[in-house]
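Only one structure is covered here, and it is reproduced in the block below.
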Amino acid sequence: MRSATQTQLATRIMRGILPALIGLGSVAGMAQTQNPAVPTPISVLGHNPGDDYYLANYEEEIQYFHALAAHSDRIRIFTVGKTTEGRNIEVAVISSPENLARLDEWKADTHRLSHADGLDDASARTLAEKARVIIHIDGGLHANEVAGPQHSMVLAYKLLATQGDPQVDRILNNVVLLLYPTLNPDGQDKVVSWYRKNLGTQFEVSPMPWLFQEYVGHDNNRDGYMLNMKESQVVARTELEYSPAIFYCQHQTAPFPARIWIPPFSDPISSNISPYVRSWFNVVGTGMAAYLNEHQMPGAISESEFDNWYPGFVDYAGSFRNEISFFTETALYRYATPRFYTVDEFPKNMQDLKALTMYTTPWQGGWWRLKDAVNYMVAASMSVLDTSARYRETLLYNQYQAARDNIRRYTNAPPYAYVIPSQQRDVPEAAQLARIMQENGVQVQGVSDSFPANGRTYPAGSWVILMNQPYSAMAKELFEIQRYPDAMGAGGTKAVDLPYDVTGWTLPLQMGVQVDAVSDPVSTDQLHHLHPLTSIDLPAANVEGTGTAFLLSHEANASFSLLNQVLDSGGSVALDKDAAKSPNGSETGAFVVSGISRSTLASLTAKYGIPAIATDHAPAHTLALHRARVGLYRPWQPSIDEGWTRWILEQYDFHPISLYNADMRAGSLNDRVDVILLPDIRSASLVNGFKPGVVPGEYAGGLNEEGLASLREFVRNGGTLIAFNQSAAAIIPLFSLPVKNVLEGLKSDRFFCSGALLRVNTESRDRPALFGLPSELSVMFESGPAFETKAGFNGAVLARYPSESSPLESGLLLHPEAIEGRIAALELSYGQGRIFLYGFKPQWRAQSHGTYKFFFNALYKYDNPPFAASKPTMEKPKQAE
């Protein structure tokens, strides 16, 4: 149910917007001309964007934008960063020449309004009357959704070349458009190259056999708050610099047979988003629908399958900075190849062509070409720009109101602040969490000496986020426990269609970092203990004591980067098998480093924030570890999970070796690697990959039986195999393991968890695989398996879901009884080697830092490891309820 504020705002805006939009059809008939000095796309590219069988790559698109800038005073181009592969990320700023001359002034004005900086209601209204509204529109970031970048060129030409058009003039005079040709230059070049290579062959519309972003593919739109990828970082920095009122991203996965999906979204939606922003989603979408209908463009649908619950979408994260951040999904066949559709191809429930409340003008089939998709995108973008021009002052004043109201809210109600203590199991991760907040525009304070709150005193070096600031909604969204609305996740016999993405993501739980909410108002005396931070630095980490051996804590992820550099430099590393003193106190499994100088180690401890204790008395019981050659299966049917895993391994200097299908099938894997990781891949894809004829022959197939035989031989000969999530479920029958997946075949009326944080308890804590992990922690469960052991099992249970209560920590879990007391992770012997099965994603989207050690610990070779269980064990069957 909408609040009174939302309803009043939507009503007021719609009274003005609908008549204006209905009248847009007459604009096209008014006298207008094209400035001949502005180059047309075909004059530069040799094609028009949207032509059948033609796609411009990024270099050609940028060439065209530079040609526009050379001949028009309505555009300026800036380089705002680099891509993962080193390309320039360029953005065009389009407005009237007078507005471009005052660009810095408009940026400063919108920054003041969006932060409510030194403003009251009256001065904010005055500033909103004067300022220009900044709007972000881009050509998309999913590179196989090819129309977006082509649309950017057409939109730019329309705005720069059109003369005598009241709509265009109104936009240029009131709006500063921040137009990204694309948010994924690397991917655009990959996809266009693949299409051109196969054009005119039987593989013209075949899927590309690699990710369209080097590491994360489609998940480049799931990195909106973690900002792991360079492209995400650039977008966030630019948004903070320009403070746009609207962030609009183009996509191409419309629910068939609709031609374009537009807001409003399906429920649920976060209450941490300003009501002004939530209302504008509806207003903008209604405006688009009216615009498209007026321009005889049928097939717009709203709500349908897209909710906006998960805050990690790059095109949605800005909503927690009071931006109206959204996307549309235009229809796509494949690349630039046209397709004819008949009504009998539609879903049966759509073949009657009846209008629906959220699908008012059904599409009736026919040809669908790239040009059609480009035209729909341009129309949607023009609708957004026209709405922004007409309601410039309202949008700007709403930016101020959203900031003002957020500051007031947390001045008068909890949480008043969040504290990230500087004394943690993993201090560098705590610093990283504070850094993530700062990179998202949240102001972070440092504790100067001590900070009294919650009946305790937090030490110097701790980080504090005061909530009475403009963008603190992001901190609350990421720090609090997610409770997916009961009405949306009703269990019983009803199948679950939603959510669209994961339902729980609480960052402190994922990262294993303690964060405390402050429930009492922060006093002036407390504020005297704080100072603002412009950057987040690691606490000082020194080498204490004397001696030639050094003890480091196993509890910090950064220790693994340090150890890998020690091993690369010729040093030695062992594990202390006894509970002994480490820089974090007493722990089992502390790292013992030797064979390098104190000065070398000191430089590494300072770099990674990992303190060390020097000693002349080496621990009595140690387990030596050595560098392992780490192989990562990289299928031709691209795996996003593989990309994330590869990126993490590279960040921690594990030097992963990509193993393709041919490598896996060739055999003799032990000659190449010591450890093989199987990322989260479903069984059919793992074994079969692309079917023959779908892609060129060298990319067809999966592991096949030859690869599976090689993999079995690898483990039997002493190799280590690590399998995540669905791959873990897949290899149980493929390897005839004495393990059962208890969730196999269960439908959503008996068990459902599409992505939530669940609690596990670790067992067999003397195993090196568990060193550095706490006894209880949260894991990201995303449609994975859960296990019980069978006769002949020889290994150890590593983690188990609690048996007496639901394991749900954050998100949505239906029918938790299906996994209560079940095994979440285990290790078992297989010939001379060992296999690790994880029924969750310990490296999920490079967010679940708190569970990295589950697999980091297995990425080394150990001397005489105690891996085999003392005797075969079997899980007792769970009693029927």
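The values are calculated or read from the model by the stated rules, or taken from the named source; none is laboratory data. Please read these numbers as outputs of a predicted model, since none were measured by experiment. Every residue, glycine as well, gets a Cβ built from its backbone with ideal geometry; the counts of neighbours run over all protein chains shown. These area figures cover heavy atoms from the full protein model, side chains too; ligands, DNA and RNA do not enter into them. Shrake-Rupley method; radii C 1.70, N 1.55, O 1.52, S 1.80 Å.
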Check off (1) surrounded by 23 or more Cβ atoms within 10 Å (Cβ to Cβ); (2) closer than 30 Å to Ser472 by Cα; (3) of a type in the set (S, T, N, Q) for Gln401 and give me the number that stays unchecked. (1)
So in segment 286-319, with the set limited to residues that are hydroxyl-bearing (Ser, Thr, Tyr) and on the phi < 0 side of the Ramachandran plot, which one is most open to solvent (accessible area, probe 1.4 Å)? Thr286
Being of a type in the set (Val, Ile, Thr), farther than 24 Å from His655 by Cβ and over 31 Å from the mean Cα position of the chain (by Cα): is that true of Val543 here? yes
One residue is enough: does segment 783-791 have a residue meeting the conditions under 18 Å from Trp505 (Cβ atoms) and under 28 Å from the mean Cα position of the chain (by Cα)? yes
Selection over segment 160-171 where residues are open to solvent by less than 10 Å² (accessible area, probe 1.4 Å) and either within 34 Å of the chain's Cα centre (by Cα) or on the phi > 0 side of the Ramachandran plot (or both) yields a count of 1
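For every residue, the table says whether it meets (1) open to solvent by less than 20 Å² (accessible area, probe 1.4 Å); (2) part of a helix (DSSP H, G or I); (3) on the phi > 0 side of the Ramachandran plot; (4) without any contact (Cβ under 8 Å) to a residue 12 or more places away in the chain.
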site: Ala92; (1), (2), (3), (4): yes, no, no, no
site: Asn99; (1), (2), (3), (4): yes, yes, no, no
site: Glu105; (1), (2), (3), (4): no, yes, no, yes
site: His111; (1), (2), (3), (4): no, yes, no, no
site: Arg125; (1), (2), (3), (4): no, yes, no, no
site: Leu155; (1), (2), (3), (4): yes, yes, no, no
site: Lys158; (1), (2), (3), (4): no, yes, no, no
site: Val191; (1), (2), (3), (4): yes, yes, no, no
site: Lys197; (1), (2), (3), (4): no, yes, no, yes
Kindly evaluate Asn322 against the criterion of being over 26 Å from Val205 (Cα atoms), modelled with pLDDT under 95, open to solvent by less than 20 Å² (accessible area, probe 1.4 Å) and not aromatic (Phe, Trp, Tyr). no
So, in segment 265-275, how many residues would count as being surrounded by 22 or more Cβ atoms within 10 Å (Cβ to Cβ) and not hydrophobic (A, V, I, L, M, F, W, C)? 1
Answer with yes or no whether Ser388 is open to solvent by less than 10 Å² (accessible area, probe 1.4 Å), among the hydroxyl-bearing types (Ser, Thr, Tyr), in contact with a His (Cβ under 8 Å, 6 or more places away or on another chain) and in contact (Cβ under 8 Å) with a residue 24 or more places away in the chain. no
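Could you grab me the full set of residues in segment 583-593 that are of a type in the set (A, V, I, L, M, F, W, C) and open to solvent by less than 10 Å² (accessible area, probe 1.4 Å)? Reasoning before the result, please.
So in segment 583-593, the residues of a type in the set (A, V, I, L, M, F, W, C) come out as 590-593.
Matches in segment 583-593: Ala590, Phe591, Val593.
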Pro257 meets each of (1) open to solvent by less than 30 Å² (accessible area, probe 1.4 Å); (2) not in a loop (DSSP other than H, G, I, E, B) with one exception, condition (2)
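Going through Glu129, Glu145 one at a time, which residue ends up being among the acidic types (Asp, Glu) and either over 32 Å from the mean Cα position of the chain (by Cα) or assigned to a helix (DSSP H, G or I) (or both)? It would help to see each step written out before you state the result.
Values: Glu145 fails: either over 32 Å from the mean Cα position of the chain (by Cα) or assigned to a helix (DSSP H, G or I) (or both).
None of the others qualify; the one that does is Glu129.
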When restricted to Ile640, Ile610, the only residue in contact with a Leu (Cβ under 8 Å, 6 or more places away or on another chain), over 29 Å from Asp537 (Cβ atoms) and buried (at least 17 other Cβ atoms within 10 Å of the Cβ) is Ile640
Segment 515-582: strands (runs of 3 or more DSSP E) wholly inside it with 3 or more residues that are free of Cβ contacts under 8 Å to residues at least 40 places away in the same chain, touching a helix residue (DSSP H, G or I) at 6+ places or on another chain (Cβ under 9 Å) and surrounded by 14 or more Cβ atoms within 10 Å (Cβ to Cβ) are none
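Among the residues in segment 230-242, are any hydroxyl-bearing (Ser, Thr, Tyr), in a loop (DSSP other than H, G, I, E, B) and touching an Asp or Glu at 6+ places or on another chain (Cβ under 9 Å)?
Within segment 230-242, the subset hydroxyl-bearing (Ser, Thr, Tyr) is 232, 238, 242.
Applying the additional criterion that residues be in a loop (DSSP other than H, G, I, E, B) yields none.
No, that holds for no residue.
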Considering only strands (runs of 3 or more DSSP E) fully contained in segment 384-461, which possess at least 1 residues that are modelled with pLDDT of 95 or more and among the aromatic types (Phe, Trp, Tyr)? 417-420, 450-453, 456-459
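Of the residues that sit in segment 261-313 and are part of a loop (DSSP other than H, G, I, E, B) and of a type in the set (Gly, Ala, Ser), which one is nearest to Asn220 (Cα to Cα)? Spell out how you get there, then give the answer.
Start the filter on segment 261-313 by keeping residues that are part of a loop (DSSP other than H, G, I, E, B), which leaves 270-274, 295-299, 309-313.
Applying the additional criterion that residues be of a type in the set (Gly, Ala, Ser) yields 270-271, 274, 299, 312.
Details: Ser270: 22, Ser271: 25, Ser274: 25, Gly299: 28, Gly312: 10 Å.
Only one residue fits best here, namely Gly312.
I'm checking my understanding of the structure. Among residues of segment 672-716 that are of a type in the set (Asp, Glu) and over 21 Å from Arg646 (Cα atoms), which one is least open to solvent (accessible area, probe 1.4 Å)? Steps first, please.
Going through segment 672-716, the residues of a type in the set (Asp, Glu) turn out to be 674, 680, 698, 705-706, 713.
Applying the additional criterion that residues be over 21 Å from Arg646 (Cα atoms) yields 698, 705-706, 713.
Numbers: Glu698: 115, Glu705: 108, Glu706: 104, Glu713: 84 Å².
Ranking the candidates gives Glu713 first.
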Six or more apart or on different chains, Cβ atoms under 6 Å: show the pairs whose first residue is in segment 723-747 and β-branched (Val, Ile, Thr) and whose second is in a helix (DSSP H, G or I) and open to solvent by less than 30 Å² (accessible area, probe 1.4 Å). Val739/Ile732
Within segment 493-546, the residues that are within 26 Å of Phe840 (Cβ to Cβ), modelled with pLDDT under 95, of a type in the set (A, V, I, L, M, F, W, C) and out of contact with any strand residue (DSSP E or B) (no Cβ under 7 Å at 6 or more places or on another chain) are Ala495
